[in-house]
Amino acid sequence: MAHQLPPLPYAYEALEPTVDTTTMQIHHDKHHAAYTTNLNNAIAGTEFEAVSVAELLAKLDSVPEAIRTVVRNNGGGYVNHNLFWEIMGPDAGGAPTGALATAIAQAFGGFDEFKAKFGAAATGRFGSGWAWLVLDGGELKIMSTPNAETPMTGGKKALLTVDVWEHAYYLDFQNRRPDFVQTFLDQLVNWDFVAANLG
Ligand code: MN
């Protein structure tokens, strides 16, 4: 069965005024939809149609070279956006609590320190890409990936991510990526969802 574009888990206008409705419509209905279609087209008629996208990305080396780059780019774009929509939410933001707050404090020295380091990873990524909070062998780490690459390919579990492609923020923030990332961290992150990812 072909991979499906999941609907946004909230209304297109739900993140107004931070992220405008048009950005959400284009980002989900055009960009995410295109990744989904391109992934499905790349694997159509191959044995990889029956493989979960998580497995496909974890074992990219086993994907034939002829379709590997297309799968890396579009499979990565597909799963990264699946997570990104869930990471955000209306009436979100603030700070994590409970075990996640403790784990972040232990790993990074505190929530403010975490935000500074995550923000640096997101703003420092040259060109298009993503910043991440991941679980790597039981350890919380911050990283970034270029283009549509996903930490899943390196066996890491993604807990939190921000899309820093210009299509994610340009209508609202133009060239001010640091402002977008700061606003994302302060107002858009659904920390309950991130905590559930930590398990
Ligand atoms: Mn995007």
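See the values below:
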{"quantity": "When residues of segment 60-84 are limited to those that are of a type in the set (Gly, Ala, Ser) and within 26 Å of Asp29 (Cα to Cα), the one nearest to the ligand (Cβ to nearest atom)", "calculated": "Gly77"}
{"quantity": "Out of Asn175, Asn147, sole residue that is surrounded by fewer than 18 Cβ atoms within 10 Å (Cβ to Cβ) and within 14 Å of the chain's Cα centre (by Cα)", "calculated": "Asn147"}
{"quantity": "Hey, Arg68 among the basic types (Lys, Arg), closer than 19 Å to Trp130 by Cβ and modelled with pLDDT of 95 or more or not", "calculated": "no"}
{"quantity": "Any hit, segment 119-132, residues being among the aliphatic types (A, V, I, L, M), closer than 22 Å to Gly109 by Cα and assigned to a strand (DSSP E or B)", "calculated": "yes"}
{"quantity": "Positions within segment 1-17 being more than 16 Å from the ligand (Cβ to nearest atom), surrounded by 15 or more Cβ atoms within 10 Å (Cβ to Cβ) and over 17 Å from the mean Cα position of the chain (by Cα), in sequence order", "calculated": "His3, Ala14"}
{"quantity": "Residues of segment 87-102 classified as part of a loop (DSSP other than H, G, I, E, B) and over 14 Å from Ala14 (Cα atoms), total", "calculated": "4"}
{"quantity": "Residue under evaluation Gly45, criteria (1) part of a helix (DSSP H, G or I); (2) more than 16 Å from the ligand (Cβ to nearest atom); (3) of a type in the set (Gly, Ala, Ser), criterion not met", "calculated": "(1)"}
{"quantity": "Pairs, first modelled with pLDDT under 95 in segment 14-35, second surrounded by 15 or more Cβ atoms within 10 Å (Cβ to Cβ) and part of a loop (DSSP other than H, G, I, E, B), C-beta under 6 Å, six or more apart", "calculated": "none"}
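The values are calculated or read from the model by the stated rules, or taken from the named source; none is laboratory data. Since the structure is predicted, the reported quantities are computational estimates derived from the model, not experimental observations. Cβ: placed from backbone, ideal geometry, glycine included. Neighbour counts: every protein chain shown.
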